[in-house]
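Mind looking over this structure? Questions follow.
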Amino acid sequence: MVEVQQEVPTASWRRAIASVGTGAVVAVAGLGVAAPPVQATEPWLTVEDGFATFEIPVDHVEEAFGRDVNQVVAEGNFGPSANWAEFGLSISGDTATGTLGPLEPGLYYYQVTADDHFTVKDPTNPTSVSSEPEWSTFFIEGEGAELLADAPESDRGDLQTFTYRSSVAHEERTALAWTPPDYDEDRREPYPVLHLQHGGAQSYRDWVEVGRAAQIFDNLYAAGKIQPMVVVMGNGNVDSFPDELRRHIARAAQRNFNISRDPEQRALAGLSMGGGHAFEVLADRPGDYAYVGTFGAGRFGQLDDLPVEDINESTKLFRMYVGNPTDIAYNDVFHAMSALDEAGVEYEFDGANPDAGHNWDAWQENLIDFAQRLFQEPPFEGMSPGHLAIESAFETPPSGTTPTPWVSEDGYVTFETSTQFADAEHVTVWANWGASHLWTRVELSKAGDRWRGTVGPLEPGWYHYRLIVDMEPTKDTGNPTSVTSEPTWSQFLVPGESARLVSPAAEGQGGEVQDMSYQSDVAGEQRTALVWTPPGYDADRDEPYPVFYLQHGGGQSYTDWTEMGQAKNILDNHFLDGNLEPMVVVMGNGNVDDFTAELLNNIVPAAERQLNVSSEPQERALAGLSMGGFQTMQVLADEPGEFAYIGAFSAGFFGDAPSLDVEAINEGTTLLRVYNGNRTDFTYDLVRSTLATFDRLGVDYEFDGWFEGPHGWDTWQHALIDFAPRLFR
């Protein structure tokens, strides 16, 4: 049996299905140049526990193209809704590396692309896709992907090729057929047959090489969920598919297999272009196939002159499928259903798949549902569980009319550039919407003299992004937000209950953020900190407020916790919820060689002079992210007991920490709590080592667990949300 590999849109077609909503088709510009094969021995990709780690030898890529390269990405179905996205790799020395995950169980495909336009196949991955020579594939097993996994040998059907002469295409052609494990070519009763068609720019092998059709049928049949049938996958790349199907594919299948000619024992389905072909056969020759399915297809032409009575009388099932608004067929299906309703055509709608766009993730689910409805009673009526009715077309604002990005009520985000990039060749949006909120890039499409695209649905929360225009990081000038330490970044909020704590509090109900100036003897300059004071803060209160010193990371500054970390929103909402002790939070500038001296000799004294805050260690807390977390740990080591509450966000101790005064730390520290992301957080191994050292030395601490996030703001926002309510209680 053929080992079936992963889904892939074709090179010229993939960007048209990548990650867009209706009216925002992704770019087909800069389709890329495929490289000749290169020699390699060490795997370019390793997959473990759902994490995909790429290690690409840059010299091999450069050799393939005969030129130096500045950027290397792994492109695949890594984006929201399983749409196309680029995962940027970091080049260090001669290797481009990156870890992506955890990925949901299922099929993934990828290619390696250099400098936006030059693509190369991973020569260390033996998988291949006939219609896309530059693609490689991998499969992640797990819950939800059981039907896509290889069945036991005893449960596997057979895949066979057969050939036929096509007078429509004027050539000899090949098709594939799946037969069940107990197929009997001499059975007295012919088998029902499903003709299953591919999409545009694909071919007859795509349903098995990327759709996992053989695995789907193997597993469904072994579970007793489908009838014994033969599945025929023919080549639909012809001008007249109804003629090709009737005169050649169907007849050749009948010559080669024991299949029925009875229309009630025949089914026809296809994805995208193939779905359009299936409807064309239904309209032109109603009654040839009692079961018809269209997957991600809705452009059926004029529907006001259909043989409605013949269609309804001779068709047992006509079922339509589509993905979410990023599926380019979404609005087409909505309008087609309206026209079919008006014409009186009887059909079923599976509902829009909320989790997938115009891609194989959607079509695999479509096939699983459709196959169980053939030649038997269906497993259930109505839409698939979790699927949604389409109440209206998905509309985005007219070009140039609104600030960017535009966020819909259900989490779809539409970007549009200004006209300044009209001559660009490749424009992407690079944002924290990948697995674990890692940064991945979604391509935009040329729309007149602008670039445009829709991504989603995104989970509620804050997203930060920048445009990459012909490999140059660029600020989205249409977005008024800004980040002081990252001039090319912009932000947007997808609202929702799960993002309430990071969303702005009602006007006038939150605390205040103000500047605090101080002289830094360590840096030799006047500096600024930001200070959050709670609602009702009283500068003259008899009892000083507890104080929390909160530090930024490397390459950042004192503004980042409010601009990127949403510290004000988090503190406001916790306080208004009654979860936070009244406290003052000081966010200082940690960009110095000796942070311990800067904190104790400059930041803390300035805060105690200018604010009504306590100088008692039991009333003081210190935490920081990344560099700020390492600085926090150093303060703990240098001056144990100065701060009763210590938080390390993506940070630990280097080395074995042999000089730690464990007794002083334990006696003087009420809470030492450590936070970190998953293995995509580059401090993962160091923090593991730190925790082991703490255990060995007997340091009292708490560990929050491995948060499913990277070395980034999603992880650190979570840490602050958890840490702040634990203080001074």
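What's the number of the condition GLY555 fails, among (1) within 21 Å of VAL483 (Cβ to Cβ); (2) in a strand (DSSP E or B); (3) not aromatic (Phe, Trp, Tyr)?
(2)
So which residues in segment 581-612 are open to solvent by less than 10 Å² (accessible area, probe 1.4 Å) and among the aliphatic types (A, V, I, L, M), if there are any at all?
MET583, VAL584, VAL585, VAL586, MET587, LEU599, ILE603, VAL604, ALA606, ALA607
How about segment 424-443: which of its residues are part of a strand (DSSP E or B) and not polar (S, T, N, Q)?
Listed by number, the residues that qualify are VAL427, VAL429, TRP430, ALA431, ARG441, VAL442, GLU443.
Another question, then. Of all residues in segment 476-493 being surrounded by fewer than 16 Cβ atoms within 10 Å (Cβ to Cβ) and of a type outside the set (S, T, N, Q), which is modelled with the lowest pLDDT?
PRO480
Further question: Go through the residues of segment 251-258 one by one and say whether even a single one is of a type in the set (Phe, Trp, Tyr) and surrounded by fewer than 24 Cβ atoms within 10 Å (Cβ to Cβ).
Checking segment 251-258: at least one residue is of a type in the set (Phe, Trp, Tyr) and surrounded by fewer than 24 Cβ atoms within 10 Å (Cβ to Cβ).
Can you say whether GLY296 is touching a helix residue (DSSP H, G or I) at 6+ places or on another chain (Cβ under 8 Å) and either open to solvent by less than 40 Å² (accessible area, probe 1.4 Å) or more than 25 Å from THR161 (Cβ to Cβ) (or both), as far as the supplied structure shows?
In short, yes.
Residue by residue through segment 559-612, note down the ones that are assigned to a helix (DSSP H, G or I) and among the small types (Gly, Ala, Ser).
Selection gives ALA567, ALA597, ALA606, ALA607.
Take the residues of segment 699-711 that are closer than 22 Å to ALA637 by Cβ and part of a strand (DSSP E or B): which is nearest to the chain's Cα centre (by Cα)?
Per the stated criteria, the residue is ASP704.
Which numbered condition trips up GLN376, out of (1) surrounded by 15 or more Cβ atoms within 10 Å (Cβ to Cβ); (2) in contact (Cβ under 8 Å) with a residue 24 or more places away in the chain?
The single condition GLN376 does not satisfy is (1).
Which of the residues belonging to segment 380-392 are under 26 Å from LEU317 (Cβ atoms) and touching a helix residue (DSSP H, G or I) at 6+ places or on another chain (Cβ under 8 Å)?
Listed by number, the residues that qualify are SER384, ILE390.
Got a number for residues in segment 463-522 being of a type in the set (Asp, Glu) and within 27 Å of GLN610 (Cα to Cα)?
Adding up the residues that qualify gives 4.
Same structure again: For segment 632-651, does any single residue satisfy the condition of being open to solvent by 10 Å² or more (accessible area, probe 1.4 Å) and assigned to a strand (DSSP E or B)?
Yes, the conditions are met somewhere in segment 632-651.
Here's something else I'd like to know. Could you count how many residues in segment 343-362 are over 22 Å from LEU147 (Cβ atoms) and either among the acidic types (Asp, Glu) or within 22 Å of the chain's Cα centre (by Cα) (or both)?
Residues in segment 343-362 being over 22 Å from LEU147 (Cβ atoms) and either among the acidic types (Asp, Glu) or within 22 Å of the chain's Cα centre (by Cα) (or both): 1 in total.
How many of the residues in segment 311-333 are hydrophobic (A, V, I, L, M, F, W, C) and over 18 Å from GLY199 (Cβ atoms)?
Qualifying residue count, segment 311-333: 3.
Pick from segment 95-142 the residues that are open to solvent by 40 Å² or more (accessible area, probe 1.4 Å), in contact with a helix residue (DSSP H, G or I) (Cβ under 9 Å, 6 or more places away or on another chain) and in a strand (DSSP E or B): which of them is nearest to ILE216 (Cα to Cα)?
Among those residues, the one meeting the criterion is PHE139.
Only one of these is among the aromatic types (Phe, Trp, Tyr) and more than 19 Å from THR715 (Cβ to Cβ): PHE630, PHE575. Name it.
PHE575
When you check PHE51 against the structure, is it closer than 30 Å to ASN237 by Cβ, of a type in the set (Phe, Trp, Tyr) and in contact (Cβ under 8 Å) with a residue 12 or more places away in the chain, yes or no?
Judged against the criteria, PHE51 is not a match.
Here's a follow-up. Can you tell me which condition SER418 does not meet? The list is (1) closer than 26 Å to GLN227 by Cβ; (2) at pLDDT below 95, and all the others hold.
(1)
In segment 309-342, which residues are surrounded by fewer than 17 Cβ atoms within 10 Å (Cβ to Cβ) and over 39 Å from the mean Cα position of the chain (by Cα)?
GLU309, ASP310, ASN312, GLU313
Would you check which residues across segment 712-726 are outside any helix (DSSP H, G or I) and surrounded by 23 or more Cβ atoms within 10 Å (Cβ to Cβ) and list them?
None; the set is empty.
Are any residues in segment 406-423 in a loop (DSSP other than H, G, I, E, B) and surrounded by fewer than 23 Cβ atoms within 10 Å (Cβ to Cβ), and if so, which ones?
SER408, GLU409, ASP410, GLY411, SER418, ALA422, ASP423
One line per residue, one yes/no per condition, for (1) at pLDDT 95 or above; (2) open to solvent by less than 10 Å² (accessible area, probe 1.4 Å); (3) within 23 Å of LEU107 (Cα to Cα):
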{"residue": "ASP158", "(1), (2), (3)": "yes, no, yes"}
{"residue": "GLU172", "(1), (2), (3)": "yes, no, no"}
{"residue": "TRP178", "(1), (2), (3)": "yes, yes, yes"}
{"residue": "TYR183", "(1), (2), (3)": "yes, no, no"}
{"residue": "HIS198", "(1), (2), (3)": "yes, yes, yes"}
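Then there is this: Could you name every one of the strands (runs of 3 or more DSSP E) located completely within segment 444-547 that has at least 2 residues being farther than 28 Å from GLY357 by Cβ?
512-520, 525-533
The values are calculated or read from the model by the stated rules, or taken from the named source; none is laboratory data. Keep in mind it's a predicted model, so treat the numbers as computed, not measured. Here the Cβ is made from the backbone with ideal geometry for all residues, glycine too, and neighbour counts use every protein chain on show. Side chains are part of the model used for accessible areas, which takes the heavy atoms of the whole protein and leaves out ligands, DNA and RNA. Shrake-Rupley method; radii C 1.70, N 1.55, O 1.52, S 1.80 Å.
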